[in-house]
Amino acid sequence: MIGRFLTLAAGIAVVSIGMAGIAGRSTSMADAQGSADSSSDDNGNWTTQRSKGGTWSSASSPKSSGGTVRLDRSGDSHFYADTEVDGTNIRMMVDSGASIVALTRDDAESIGIDVDRLPISGTARTAGGDVPMRTVMLDSVEIDGIEVRRVEAAVVDADMGVSLLGQSFLSKLAAVNVEGDTMTLR
């Protein structure tokens, strides 16, 4: 099952890199504000930080409880977040290797997306082979008060089990840190 997630994430990353436009609720993709950089320390912990106006946010900046979310590593070694996507609660696996948020068909339909009306914009490579992928712009993705507006996502017609919270959300945060069994989002 974990191999399916990793293969799916890699397929989504490859397909989404070359996408020029996005279909769905919006006719064009939002302009990117800044960029993300990932690095790891000597203990294998990784950090993603967003560039703002040419300067990098500091991983050692003071933490405020209002803008900080901490996630504990689950028994399967992944991090999961209870998100609110366009007003609907969806449990997602945090996947820093996925270029964009990847929604299961069931989760997409639960937030009101008519998946069959979305044009197929590419394919995602999974352990079971290539599957259709349809892109959409989500109005809002929120985790415990941290909200990102206009998030690029893909609906993947595959049995991936859980939706993935990828870089189209994570890269818009000030920082994503993993230390031991705790992931901190700011």
Practice problem: Calculate the spin-label point distance for residue 76 paired with residue 117, positioning each point 7 Å from the Cα along the beta-carbon direction, and give it in nanometres. | Solution: 3.2 nm
Practice problem: Please list 73-83, 90-100, 175-185 highest first by mean number of surrounding beta-carbon atoms within 10 Å per residue. | Solution: 90-100, 175-185, 73-83
Quiz item: ³J(HN,Hα) across region 175-180 via Karplus (A = 6.51, B = -1.76, C = 1.60, θ = phi - 60°), whole Hz, x for Gly/Pro?
Solution: 6, 10, 10, 10, 10, x
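Bear in mind these aren't lab numbers, they're just calculated from the coordinates by the rules spelled out. Source: prediction; values computed, not measured. Ideal geometry is used to build each Cβ from the backbone, glycine not excepted, and the neighbour counts take in all protein chains shown.
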